[in-house]
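*Asks:* This is the structure I want to talk about, given as structure tokens.
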Amino acid sequence: MNAFTIREASKWASDFLCKEVSPTNISYLLQYGKIRKHGGNGSALVDLNDLKKYYESYMGKRELNWKNRLGNDLNWILSFDHLREKDTTKHVHRLHPYKGKFIPQLVEYFIDSHTDDFKRDVYNAKIKLCMI
């Protein structure tokens, strides 16, 4: 086992993903069972293999897996997979695990004025239904 402290795991993940991964992000993964916690006596250690497996699943494979399950019309932009966890939960205090977290970027996506293929298709489908 290649055991890292939370801070070392944060540094490794940042280098691996080429974007900042804070120690808080690693603690979140441990707290919610996304990766296993090793060690004892108050020291949390992270296995490099567990961490690597977790982050590799985010590098395009998650999108393909979901599209295989739900179909190719899935709008992956709405997964907000490209955002850091702290950006999607900046309004939540983390005192307890609230599973119905509100993602402010979702509202922003629908309210802002940019138009992409997904918005255009949904709008046109709604117009067609209203005309029937």
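The values are calculated or read from the model by the stated rules, or taken from the named source; none is laboratory data. Owing to the predicted nature of the structure, the values given are computational and were not obtained by experimental measurement. In this analysis, Cβ positions are derived from the backbone assuming ideal geometry, glycine residues included, and neighbour counts consider all displayed protein chains.
*Asks:* Can you tell me which condition ARG7 does not meet? The list is (1) modelled with pLDDT of 75 or more; (2) over 30 Å from LEU106 (Cα atoms); (3) in contact with a strand residue (DSSP E or B) (Cβ under 8 Å, 6 or more places away or on another chain), and all the others hold.
*Replies:* (3)
*Asks:* If you don't mind, another one. Return the residues of region 51-81 that are of a type in the set (Lys, Arg) and surrounded by 11 or more Cβ atoms within 10 Å (Cβ to Cβ); say none if nothing qualifies. Quick ask: steps written out before the conclusion?
*Replies:* Here is the first cut: in region 51-81, the residues of a type in the set (Lys, Arg) are 52-53, 61-62, 67, 69.
Those that are of a type in the set (Lys, Arg) and surrounded by 11 or more Cβ atoms within 10 Å (Cβ to Cβ): LYS52, LYS53, ARG62, LYS67.
*Asks:* Touching a Leu at 6+ places or on another chain (Cβ under 9 Å), surrounded by 14 or more Cβ atoms within 10 Å (Cβ to Cβ) and closer than 23 Å to PHE80 by Cα - does that describe any residue in region 19-29?
*Replies:* Yes, that holds for at least one residue.
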